[in-house]
Every structure is written in structure tokens, then in C-alpha cells.
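Here is the structure we will look at.
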Amino acid sequence: MKNGILALILGSLTFAALAESSQDDLVKRGEYLARAGDCVACHTSKGGAAFAGGLPMATPIGTIYSTNITPDPATGIGAYSYDDFQKAVRQGVAKNGDTLYPAMPYPSYAVVSDEDMKALYAYFMHGVAPVGQPKPGERHSLAAVDALAAGDLARDFCARRESVPA
Ligand code: HEC
């Protein structure tokens, strides 16, 4: 009986370890696919954090900005389920139902298999650090606006100090 319980415990430990390593493998595979799909090129602004978005793109309907696709729940895709994610990447439909502008090349990603899509999702949820960065020009929560305004004030203050002759 004791042995049976021990075997059960060992068995579940191995299972947990296996589950963990396959999750790691999935994240690694997702990282590879993200590199192959060059998601970083469009989803990173000049000098900005990887995948935090904000890269401006001129389009016939005006300038649009790439999205923050880090797992930050407020400004990124942290609240996206797998289904939300795959719909955005393969069909160009955002979580809120909006159609994405085809500057996001979803027609090219429509053929990505479920398996690869799951790996990509695992990578963006677990392999990418969350970065709180709202899209330029988007309405922010008041707290975010306040934080941005405070940053601007601080910058103005520093700029003014620098321009004061010694
Ligand atoms: C050629 C540039 C480009 C590439 C490459 C690209 N994206 Fe995008 N992506 C965009 C733009 C621009 C948007 C925003 C479109 C809009 O706002 O209508 C976007 C939007 C998204 C969204 C939707 C977020 C939301 O608001 O719902 C997701 C998810 C996404 N991209 C994931 C990816 C992934 C994953 C890859 C790589 C496999 C990738 N993108 C590659 C340009 C790109």
C-alpha cells in the first residue's frame, strides 16, 4: 500500500516535470516561429521594448501604429485567450471584434497550423516580458494619462533646467 502511494507520488512528479518541459519546448518553438514570422520588426518602435508596439506606419487611411503584443493585460495582449490570439493573427479580428488593418499581414499567417499557433501563443504569454505601453494616440485609462502627463512635466522641467545658462 505504502509503495503504491509512493509510486503514485513519483508518477505525478514525473508527469509534472514532463508537463513543464513540454511547456518550455512549446515556448522555445514559439520563439523560433516568432522570429521566422518577423513579428518583432513591426511590433517594436525605434529604440522601444521588443513587441511593445507603437511603430508608426503610413497607410492610405493615415498613420496607424502597431499593437503592443507583450502579455501586459492592460496595454498588451495579456487578456487574450488562445482563441482571441489566433483570430487576430490568422483572421485579423481583434478581441473587441474590430477588423485589423492589413498592415498586420494576417493573410500570410492564415496557413499557420494549430500546433504552431499554440506555440506562438505560449511564447507570447510566457516567453515575452510584459511591457505596459499604450498605443500612441489611443485613449488611456486616467491613471495612465496622469502617469504620462507627469513624465512630460518631468521632461519639460529637465529640458528647461538644461537650457538655463550657467
Ligand atoms: C508587416 C508588419 C507586421 C508584422 C510582420 C506582424 N504584425 Fe502584428 N500587427 C501589425 C499592425 C500594424 C497591427 C495593428 C493593426 C490595426 O491596428 O488594425 C498588428 C496587430 C497584431 C495583433 C492584434 C492585436 C489586437 O489589437 O488585437 C496581434 C495579436 C499581432 N499583430 C500579432 C502578430 C504576430 C504574432 C506576428 C508574427 C507572427 C505579427 N503580428 C507580425 C503589423 C505586423
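Tabulated results
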{"read-out": "Computed log₁₀ I(q)/I(0) - Debye formula, equal Cα scatterers, no solvent, segment 17-133, q 0.15, 0.16, 0.18, 0.19 Å⁻¹", "value": "-0.63, -0.72, -0.92, -1.03"}
{"read-out": "Dipole axis of segment 17-133 (+1 Lys, Arg; -1 Asp, Glu on Cβ), positive-most option in 97, 79, 66", "value": "66"}
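A short reminder: the numbers here are calculations on the coordinates, not readings from a lab. Just so we're clear, the structure is a prediction, and the values are computed from it rather than from any experiment. Cβ sites come from the backbone with ideal geometry, for glycine too, and all protein chains shown count toward neighbours.
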